[in-house]
Amino acid sequence: MWTTLAPALVAAAAALGGVTVGALVEPLKLGAARRARIRDDRAMRCAKLIEAAMTCRARLLALNLAHRRAAAGFEVDTAREDELVEVYRQTRSELRQTVALLRLSGPDELVEVAMTVREAERALRGVRFVGDDGGDFDKDKPPLVVLAAAHALEDTVHEFAATARRLVAT
């Protein structure tokens with residue numbers, strides 16, 4: 001009798017122990033999966049913000065160039081300019097949405113740096129119609145105030161990337 005009952009009791013005890021351990025470990029596994037999903041979402045939003053900010057920068061510089069070309073008396077391709085404006089507006093909308101989504105999920109330090117990116121984009125947007133500093137038109141040399149605003153936006157994006165890397169990787 002003990003020869004058939006002992007293995008059954010051992011098997012039952014092992015099964016009960018396994019179920020108990022499994023029930024204790026499952027919440028830990030779910031929590032780890034949730035944290036990984038949040039980290040991945042944050043990383044994707046950070047990447048989207050960086051892409052949108054740098055696209056805004058490129059489009060604003062292109063719009064400034066088109067404005068300066070027109071002011072210098074060169075022929076302006078209005079269809080191309082309209083396309084630049086439309087792409088800029090869409091990208092700027094993505095930038096605003098991404099900042100809002102980061103505000104939703106945090107952390108606050110990342111949100112603060114994201115807001116500085118948005119402010120730097122606004123500053124560049126504010127000088128997009130500034131004309132040449134004097135002298136002849138040079139398509140490769142934007143006005144100093146535009147160039148400074150573009151560099152400020154780029155520096156702010158790099159600061160955001162460093163902060164995101166520090167906060168998202170952990």
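Comparison of E112, E26 shows that the only residue that is closer than 23 Å to L153 by Cα and either loosely packed, with under 15 Cβ neighbours inside 10 Å or modelled with pLDDT of 95 or more (or both) is E112. For segment 120-129, the criterion of being more than 23 Å from R39 (Cβ to Cβ), touching a His at 6+ places or on another chain (Cβ under 8 Å) and hydrophobic (A, V, I, L, M, F, W, C) is met by at least one residue. Within segment 79-106, being loosely packed, with under 13 Cβ neighbours inside 10 Å and touching a residue at least 24 places away in the same chain (Cβ under 8 Å) holds for one residue alone: S105.
Is one or more of the residues making up segment 110-131 of a type outside the set (V, I, T), without any contact (Cβ under 8 Å) to a residue 60 or more places away in the chain and not in a helix (DSSP H, G or I)? The answer is no; no qualifying residue exists. For segment 121-132, the count of residues that are acidic (D, E) and more than 17 Å from T55 (Cβ to Cβ) is nonzero. The number of residues in segment 96-127 that are aliphatic (A, V, I, L, M) and under 17 Å from L61 (Cα atoms) comes to 5.
The values are calculated or read from the model by the stated rules, or taken from the named source; none is laboratory data. Keep in mind that this is a model prediction, so the values were computed, not measured. Neighbour counts are summed over all protein chains in view; Cβ atoms, including those assigned to glycine, are modelled from backbone coordinates with ideal geometry.
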